[in-house]
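Student: Pasting a structure below so you can have a look.
Each value in this text was obtained by applying a stated rule to the coordinates, not by laboratory testing. It should be emphasised that the depicted structure is a prediction, and the values quoted were computed from it without experimental measurement. In this analysis, Cβ positions are derived from the backbone assuming ideal geometry, glycine residues included, and neighbour counts consider all displayed protein chains.
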Amino acid sequence: MMKIRTEHILTFLKIVAWLAFVGYAIQAGAQTVGLVVGVINPAFSEKLYEVNPLFLKLRQYHIQYFVNAMSMLVFLSAFKAHVWYLVIQLLSKLRLQTPFSRDIAKRLEKIAFELLGIWLVNIMGMAYLKWLEKTTGEQLGDLGVGDEFLLIAAIVYIVAQIFKRGVELKEENELTV
């Protein structure tokens, strides 16, 4: 009974992971199109999905400001999509009979480092936006990512370490039997 319920939960989580992956991939693609169109035809790019109109104002100061700001958005969306892809891989490799494996521990650790990377890119991006706000006088808002990624990265890293210890204990038990 418990096994069936857990399998259903894992299946549901795979579906959620796929939806998040596809959503962030679409977002990254739309932002990339917005970036390219914004460089070529800024008037038309205002009508596109996922183009920040505040960032379009940067184009009047210097095109590189717009390109850098939009590139950060694209990078963050692509980074988030990649994290969800790693989660999909993790859930696909996870076996309830033997959940403590080196592969799962390694994948969890990789996800933790990717989440840390998102946080770092966000910190750099926010600093860049603050600099642009001072330079241009325009209010640009934020990148929509916060410190929660640092917290999530820490939690996932802790879980990865628990899985590593579980693997070590499993291997010790197999040697003694």
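Student: Filter the GluC sites (Glu not before Pro) in region 57-161 down to the DSSP loop ones having no more than 14 other Cβ atoms within 10 Å, then list what survives.
Tutor: none
Student: Using the Cα centre as the reference, give the magnitude of the dipole from point charges on the C-beta atoms of region 131-177 (Lys, Arg: +1; Asp, Glu: -1; all else neutral), rounded to the nearest 20 debye.
Tutor: My answer is approximately 120 debye.
Student: Using DSSP to define loop residues, name the chymotrypsin sites (Phe, Trp or Tyr not before Pro) in region 8-83 whose beta-carbon has at most 15 other beta-carbon atoms within 10 Å.
Tutor: Sparse-neighbourhood loop chymotrypsin sites (Phe, Trp or Tyr not before Pro): 49, 61.
Student: Something else: Against the longest alpha carbon principal axis of the chain, how many degrees, from 0 to 90 and to the nearest 10, is the axis of helix 102-136 turned?
Tutor: So the helix axis and the longest Cα principal axis differ by about 20 degrees.
Student: Any idea what angle helix 2-40 forms with the longest principal axis of the chain, computed on alpha-carbon atoms, 0 to 90 degrees, nearest 10?
Tutor: Once rounded, one gets 20 degrees.
Student: May I pose another question? If you work out percent of Cα pairs over 20 Å apart from the coordinates, which of (i) 62; (ii) 51; (iii) 55 do you get?
Tutor: Among (i) 62; (ii) 51; (iii) 55, the one derived from this structure is (i).
Student: Going by C-beta contacts inside 10 Å, put 147, 103 in order with the fewest on the left.
Tutor: Ascending Cβ contact count within 10 Å gives the list 147, 103.
Student: Of 10, 113, 76, which is farthest along the charge dipole of the chain in the positive direction, counting Lys and Arg as +1 and Asp and Glu as -1 at C-beta?
Tutor: 10
Student: Kindly provide the trypsin sites (Lys or Arg not before Pro) of region 11-111 that DSSP labels as loop, not H, G, I, E or B, and whose Cβ sees at most 12 other Cβ atoms within 10 Å.
Tutor: Here the trypsin sites (Lys or Arg not before Pro) that fit, given the DSSP loop and packing criteria, are 47, 95.
Student: Give me the extension gain from residue 54 to residue 162: residue separation times 0.36 nm, minus the current Cα-Cα distance, reported in nm with one decimal.
Tutor: Value of the extension gain: 34.5 nm.
Student: When the dipole is taken about the Cα centre of region 2-176, and only Lys, Arg (+1) and Asp, Glu (-1) are charged at their Cβ, what size is it in debye, to the nearest 20?
Tutor: With Lys and Arg at +1 and Asp and Glu at -1, about 320 debye.
Student: To continue, here is another question. Select from 56, 150, 96 the residue whose mean-square fluctuation is largest in a Gaussian network model of the chain (Cα-Cα springs shorter than 10 Å).
Tutor: 96
Student: Compare the Cα positions of 26, 122, 141 along the charge dipole of the chain (+1 at Cβ of Lys, Arg; -1 at Cβ of Asp, Glu; about the Cα centre) and return the one farthest towards the positive end.
Tutor: Value: 26.
Student: Follow-up. Tell me, 72, 124 in order of fewest to most beta-carbon neighbours within 10 Å?
Tutor: Listed from fewest to most nearby Cβ atoms, that is 124, 72.
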